[in-house]
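Student: The following block contains the structure, expressed as structure tokens.
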Amino acid sequence: VVIVATDGVWEFMSSQKAVDIALRHKDAREAARAIASRSFKRWMGNDVRSDDITVLVAFLDWGS
């Protein structure tokens, strides 16, 4: 999985956590939404506002 995201995601989430969330989904859009949602919840638990939260998820198939 490849995850490209703005700093609003990485402020309160490790890259490993984002990968763990993404791998729970088969659809890349669902995975991106789940990461964004979790990021927003973490922002709201730590602040009264959030930074920009943009996520792109791509699942790579290496033809196993």
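Student: Does the stretch 2-12 hold any residues that are over 10 Å from V55 (Cβ atoms) and either out of contact with any strand residue (DSSP E or B) (no Cβ under 8 Å at 6 or more places or on another chain) or buried (at least 18 other Cβ atoms within 10 Å of the Cβ) (or both), and which are they?
Tutor: Within the stretch 2-12, D7, W10, E11, F12 qualify.
Student: Take the residues in the stretch 13-41 that are farther than 11 Å from V1 by Cβ and among the hydroxyl-bearing types (S, T, Y), then tell me which one is least open to solvent (accessible area, probe 1.4 Å).
Tutor: Once the filter is applied, the top-ranked residue is S39.
Student: Would you point out the residue of the stretch 42-64, among those that are within 15 Å of A5 (Cβ to Cβ) and without any contact (Cβ under 8 Å) to a residue 40 or more places away in the chain, that is least open to solvent (accessible area, probe 1.4 Å)?
Tutor: W43
Student: Right, next: Can you find a residue in the stretch 26-42 that is closer than 30 Å to G63 by Cα, assigned to a loop (DSSP other than H, G, I, E, B) and not hydroxyl-bearing (S, T, Y)?
Tutor: Within the stretch 26-42, one or more residues are closer than 30 Å to G63 by Cα, assigned to a loop (DSSP other than H, G, I, E, B) and not hydroxyl-bearing (S, T, Y).
Student: What number of residues within the stretch 43-58 satisfy the criterion of being assigned to a strand (DSSP E or B) and β-branched (V, I, T)?
Tutor: 2
The values are calculated or read from the model by the stated rules, or taken from the named source; none is laboratory data. Please read these numbers as outputs of a predicted model, since none were measured by experiment. Note: ideal-geometry Cβ built from the backbone for every residue, glycine included; neighbour counts use all protein chains shown. Quick note on the areas: whole protein, heavy atoms, side chains included, nothing else; ligands and nucleic acids left out. Shrake-Rupley method; radii C 1.70, N 1.55, O 1.52, S 1.80 Å.
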